[in-house]
Amino acid sequence: MKFVHLIEINAADNPLIDPLSRDQLWRGLVLRAERPTLFVMALDACEITNRSELGISRTLQFGKLIVRDEVRFLPQQQVQYHVPQQNEIPASDLTMTIEEPEAGALFVRFEYDDHKEAADDAEAEFYNNFRRDAYKESDIDTVRKIRELAMEGQLDAPLQ
């Protein structure tokens, strides 16, 4: 199943929403990768097992479930998550891309891919619709948390 959606970050027509800078948005997306327990409620722990200029490898703990993944950074543009197939967990990818069609008009494009063909029966499609809704809510929560961190001034300095 492939699923793509876009979230508007800065709404020029809504003065009630404080705009984020591209730097703040980028730092928030990187922070989601480096400190995911701030963003994912069901996540118990995250250990960064490898770090390079290109990204990080992590071990995530959800109760007794352990998931290993890799995160790659294309600075100021894109964060790519890859979960390789492991035990009962199938391979999957998530890409978050910052888009700026005009100065200050920021969006994040979220692209999910579980490397499976489209559902061909009603039950599978039901579960895929449920997953799409869950992904979208999670991404809205990510943006909400980034806004909160920005308002607290935590995204104004480069990440350590």
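The values are calculated or read from the model by the stated rules, or taken from the named source; none is laboratory data. Here the structure is a predicted model, which is why all the values come from computation and not from measurement. Positions of Cβ are generated from backbone atoms using ideal geometry, with glycine treated the same way; all protein chains shown enter the neighbour counts. Please note that ligands, DNA and RNA were not included when accessible areas were found on the heavy atoms of the full protein model with its side chains. Shrake-Rupley method; radii C 1.70, N 1.55, O 1.52, S 1.80 Å.
For the chain, what class follows from the C-alpha gyration tensor (a ≥ b ≥ c being the square roots of its eigenvalues): rounded when a/c is under 1.5, otherwise prolate if a/b is larger than b/c, else oblate?
It comes out oblate by the Cα gyration axes.
With a sphere of radius 9 Å drawn around the Cβ of I98, what net charge do the other residues whose Cβ falls strictly inside it have (Lys, Arg +1; Asp, Glu -1)?
Values: positive: R22, R109; negative: E99, E100.
After counting each charged neighbour, the total is 0.
Straight-line reach from K64: which aspartates and glutamates have a Cα under 19 Å away, not including same-chain ones fewer than 8 places off?
D44, E47, E88
Can you give the net charge of the other residues whose Cβ lies under 15 Å from the Cβ of V108, counting K and R as +1 and D and E as -1?
Residues close to V108 contribute a combined charge of 0.
Just from its helices, what would the mean residue ellipticity at 222 nm be for the chain, if runs of 4 or more DSSP H residues each count -39500 (n - 2.57) and the sum is divided by every residue, rounded to the nearest 500 deg cm²/dmol? Kindly include the intermediate steps, with their values, before the conclusion.
Values: 2 runs with 43 residues, N = 160.
Estimated from H runs of four or more residues: -9500 deg cm²/dmol.
Please list, or write none, the lysines whose alpha carbon is within less than 23 Å of the alpha carbon of K136, excluding same-chain residues fewer than 8 places away.
K2, K116, K145
Compute the distance from the alpha-carbon center of the range 1-64 to that of the range 85-125, in whole Å.
14 Å
Hey, can you find the accessible area per residue of the range 23-84 for me, probe 1.4 Å, expressed in square angstrom?
For the range 23-84, the per-residue accessible area is 54 Å².
Leaving out ligands, DNA and RNA, what percent of the accessible area of the range 49-160 is carbon and sulfur, probe 1.4 Å?
Working: 3670 of 7120 Å².
Reported share for carbon and sulfur atoms: 52 percent.
Rounding to the nearest 10 and keeping the result within 0 to 90°, find how far the Cα-based axis of helix 122-151 lies from the longest principal axis of the chain.
Once rounded, the angle reads 30 degrees.
Measure nothing fancy, just the Cα-based angle from helix 22-34's long axis to the longest principal axis of the chain, in degrees from 0 to 90, nearest 10.
Rounded to the nearest ten degrees, it is 30.
Per residue of the range 87-102, what does 6.51 cos²θ - 1.76 cosθ + 1.60 with θ = phi - 60° give for ³J(HN,Hα)? Whole Hz please, x for Gly and Pro, Karplus curve as stated.
6, 8, 9, x, 5, 7, 9, 9, 10, 10, 10, 7, 10, 9, x, 8
Let me check something: with ligands and nucleic acids excluded, how do R27, R144, R72 order by accessible area (1.4 Å probe), largest to smallest?
From most exposed to least exposed: R144, R72, R27.
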